[in-house]
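Some notes on the structure that comes next.
The values are calculated or read from the model by the stated rules, or taken from the named source; none is laboratory data. As the structure is a prediction and not an experimental result, all values here were calculated from the model. As a convention, Cβ positions derive from the backbone with ideal geometry for all residues, glycine included, and neighbour counts pool all protein chains shown.
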Amino acid sequence: AGRCPWAQVSARCQPVPVPQRYCQDVYRGQLASVHSAARNQELQKLARTHTALAPWIGAVTSRRAGQWESRWEDSSPWNYANWAPIHPHHTVTTCTTLSTRDGLWRSRFCFQLRPFICQY
């Protein structure tokens, strides 16, 4: 995968806990968080150059204090979202993919094997 100063795409498919550790150990970073439409489009284009499969980004949707909420793994503010219709799912804790085709986010079971985007 090509290097750039803030993001890296791995085409090696992994379930989410592995990329979280990989991003931390290799790049001292984390799975990518997205805070604007411009950044979403940038990551979509970057990912498309490495994989056709939608990669993991750092959003997790889970139930907290009886409410479903989405949050970023890096604890940055939740100030932007680009969910596909009917997403995120509110049945079990899910992780999030960024479509290389349409740029929309979709809830997925966290154990699915997928590429991932690190930010650092």
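Structure notes:
- Any hit, the range 89-105, residues being hydroxyl-bearing (Ser, Thr, Tyr), under 14 Å from residue 39 (Cβ atoms) and over 11 Å from the mean Cα position of the chain (by Cα): no
- Among the candidates 81, 54, the residue that is in a loop (DSSP other than H, G, I, E, B), in contact (Cβ under 8 Å) with a residue 12 or more places away in the chain, under 17 Å from residue 35 (Cβ atoms) and not aromatic (Phe, Trp, Tyr) is uniquely 81.
- In the range 69-80, the condition of being at positive phi and either surrounded by fewer than 19 Cβ atoms within 10 Å (Cβ to Cβ) or modelled with pLDDT of 95 or more (or both) is met by at least one residue.
- Tally of residues being hydrophobic (A, V, I, L, M, F, W, C) and farther than 22 Å from residue 30 by Cβ across the range 73-91: 2
- Where residue 107 falls short, out of the listed (1) in contact with a Ser or Thr (Cβ under 7 Å, 6 or more places away or on another chain); (2) of a type in the set (Ser, Thr, Tyr); (3) assigned to a loop (DSSP other than H, G, I, E, B): (3)
- For the range 57-74, filtering for residues that are over 19 Å from residue 16 (Cβ atoms) and either touching a residue at least 12 places away in the same chain (Cβ under 8 Å) or not aliphatic (A, V, I, L, M) (or both) leaves 2.
- Residue 47 vs. criteria on the phi < 0 side of the Ramachandran plot, of a type outside the set (D, E, K, R) and surrounded by 19 or more Cβ atoms within 10 Å (Cβ to Cβ): yes
- One residue alone among 21, 63 is within 21 Å of residue 112 (Cα to Cα), in a helix (DSSP H, G or I) and not β-branched (Val, Ile, Thr), and that residue is 21.
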